[in-house]
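The values are calculated or read from the model by the stated rules, or taken from the named source; none is laboratory data. Owing to the predicted nature of the structure, the values given are computational and were not obtained by experimental measurement. Cβ sites come from the backbone with ideal geometry, for glycine too, and all protein chains shown count toward neighbours. The area values use the complete protein model at the heavy-atom level, side chains included, leaving out ligands, DNA and RNA. Shrake-Rupley method; radii C 1.70, N 1.55, O 1.52, S 1.80 Å.
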Amino acid sequence: MAEPVILVTGATGYIAAHTCVCLLERGCKVIGIDNLSNSSPRVIERIQQITRRSIDFHRIDIRNQTALTAVLKHYRIDAVIHFAGLKAVGESVSEPLKYFDNNVCGTVTLLRLLQQYGIRKLVFSSSATVYGEPAAVPVGEAAPTSATNPYGRSKLMVEQMLQDIVRADNSWRIATLRYFNPVGAHDSGLIGEDPRDIPNNLMPYIAQVAIGRRPYLQLFGDDYPTEDGSGVRDYIHVMDLARGHLAALDRLSAHDGSFTVNLGTGRGVSVLQAVAAFERVSGKVIPVQRTARRAGDVATCYASVHRASELLGWHAEHDLEKMCADHWRWQCNNPEGY
Ligand code: NAD
Ligand code: UD1
């Protein structure tokens, strides 16, 4: 049987790079596209170094219809994993149009062309942010959705668009994956998260404190109604998340229909627990300065993982120590990123 051909948008990004490794190791042909707005072309070399397989990379913006058409015409693509998007919550508040243009209009362009070229299998990167402030945890896929910022709204808008498309034409098979908090890196230490500016997210910030690039971690709120007062999240190893995409593709290949599924561990970890784990693994002290809550933050959010287990036969395997150890190896090997 011919190798499956998978188009990966946002291919040089953090989660996509790890997913490309899994796809190549599985024997897929990978066509990667990215405009490099938030990633480095060196990622491609690193992926090839890990897998000893090559990836066809094209520097393309998903909003560029002509360039995208050329790719879709050139390859016989079986399925698309759509990671490309902007993800900085704060920036989305100050520049909402940039987010709607990139994340929503970009996806419209992509979907229109996929429809035109008869490609009907899609995996979409959504986020637990679509649950807003969850009324109860663990949060299940049927929980009400809402958005507290333009980034979250762009994800919700795409999710709704996908539902309408499936309603109009049930030959589409779409997996909407709601990621919880991806952290960690490939255990080669060759690929990992490389924030361009000051990290917004917890784990990369902790790692930069540990390596000495920043003096301390600001703890955003120590008065939440949680066990130790700090915010609780569902951190998931990026390689577990990457494997989740393969499980979603397998499901789409084997069954008709579309689905939405959480990808998390089902376990909540507080900021202070994450700091303690990182200290244990790295042997470094992470100074913590307690500050006010960050606007828009929720106290506690972790996933119900039953649907992922039933539908995909997938569950996260790596624990918090492994997440920290792999993140730390990546940080030590690449102190300034790629
Ligand atoms: P990332 O920024 O590392 O990767 C996104 C990639 O998309 C980047 O390489 C960027 O250059 C590219 N890109 C952006 N706009 C593009 C465009 N118009 N055309 C072509 N390429 C474009 O982010 P990530 O953390 O790997 O996230 C991947 C996806 O998962 C995003 O859609 C993000 O919203 C979603 N997500 C991420 C998280 C997280 O915590 N990292 C959580 C939930 C959902
Ligand atoms: C953030 C985004 C969310 C996005 C998710 C994954 C906001 C408001 N939300 O969520 O939309 O889907 O990342 O990319 O930005 N923390 C600190 N100090 C720091 C950084 C974080 O104390 O320097 C705390 C936070 O208050 C939170 C926890 O660490 O309790 C995790 O934060 P973060 O990694 O930003 O993830 P989310 O808050 O889940």
Rounded to the nearest whole Å³, what is the per residue volume of the convex hull around the Cα atoms of the stretch 85-230? 165 Å³
What whole-number value in Å² describes the accessible area per residue of the stretch 103-230 for a 1.4 Å probe? 41 Å²
Of all accessible surface on the chain at a 1.4 Å probe, what whole percent is carbon and sulfur? 49 percent
Quick one: accessible surface of Cys105, probe radius 1.4 Å, all protein chains present, in square angstrom to the nearest 10. 60 Å²
State, to one decimal in nm, how far the label point of Ala295 lies from the label point of Glu133, with both points 7 Å from Cα in the Cβ direction. 1.6 nm
Ranked order, His318, His82, His255, His306 - accessible area, probe 1.4 Å, largest first: His306, His255, His318, His82
Quickly estimate the mean residue ellipticity at 222 nm for the chain, helices only: each DSSP H run with n ≥ 4 gives -39500 (n - 2.57), and the total goes over all residues, rounded to 500. -11000 deg cm²/dmol
Before I look further, what does the stretch 40-100 give for accessible area per residue, probe 1.4 Å, in whole square angstrom? 55 Å²
Over the chain, calculate the relative contact order: mean separation of alpha carbon pairs under 8 Å at least 6 apart, over the residue count, as a percent. 19 percent
For the stretch 35-88, report the translational diffusion coefficient in µm²/s to the nearest whole number, using Stokes-Einstein at 20 °C, 1.002 mPa s, and a Kirkwood Rh over Cα pairs. 165 µm²/s
Kindly give the semi-axes, whole Å and largest first, of the ellipsoid equivalent to the stretch 99-171, taking each as the square root of 5 times a Cα gyration tensor eigenvalue. 25, 15, 8
Using a 1.4 angstrom probe and counting only protein chains, how large is the accessible area of Glu91 in Å², to 10? 60 Å²
Spin-label zone in the stretch 1-28 - amide nitrogen under 16 Å from a point set 7 Å from the Cα of Ser253 along the C-beta vector: 1-8, 20-28
With 20 Å bins from 0: P(r) over the chain, alpha-carbon pairs, percent: 32, 61, 8
Residues of the stretch 236-330: accessible area per residue with a 1.4 Å probe, Å²: 43 Å²
Degrees between helix 42-51 axis and first principal axis of the chain (Cα, 0 to 90, nearest 10): 80 degrees
Point-charge dipole on Cβ atoms (K/R +1, D/E -1) for the chain, about Cα centre, debye to 20: 700 debye
Which one of Gly118, Gly244, Gly184 has the biggest mean-square fluctuation once the chain is modelled by GNM with Cα springs under 10 Å? Gly118
Return the whole-Å distance between the Cα centroid of the stretch 205-278 and the Cα centroid of the stretch 53-126. 25 Å
Along each principal axis of its Cα atoms, how long is the stretch 225-337 end to end? Whole angstroms, biggest number first, please. 51, 37, 21
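Per residue and in Å³, how big is the convex hull formed by the alpha-carbon atoms of the stretch 1-127?
On the way: hull volume 12.9 nm³, N = 127.
Per-residue hull volume (Cα only) is 101 Å³.
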If you filter the stretch 147-253 for trypsin sites (Lys or Arg not before Pro), then keep DSSP loop positions with at most 16 other Cβ within 10 Å, what is left? Arg196, Arg213
Could you tell me the number of lysine pairs in the chain with C-alpha atoms less than 17 Å from each other, where the two lysines are 8 or more residues apart or belong to different chains? 7
Using +1 at the Cβ of each Lys and Arg and -1 at the Cβ of each Asp and Glu in the stretch 132-196, identify which of Val166, Gly192, Val139 lies farthest towards the dipole's positive end. Val166
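Give the shape of the stretch 154-260 as rounded, prolate or oblate, defined through the alpha-carbon gyration tensor: a ≥ b ≥ c are the square roots of its eigenvalues, a/c under 1.5 means rounded, and otherwise the shape is prolate if a/b is larger than b/c and oblate if not.
Values: a/c = 2.67, a/b = 1.87, b/c = 1.43.
Verdict is prolate for the stretch 154-260.
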Between Ala2 and Val285, what is the spin-label point distance in nm, taking each point 7 Å from the Cα along the Cα→C-beta axis? 6.2 nm
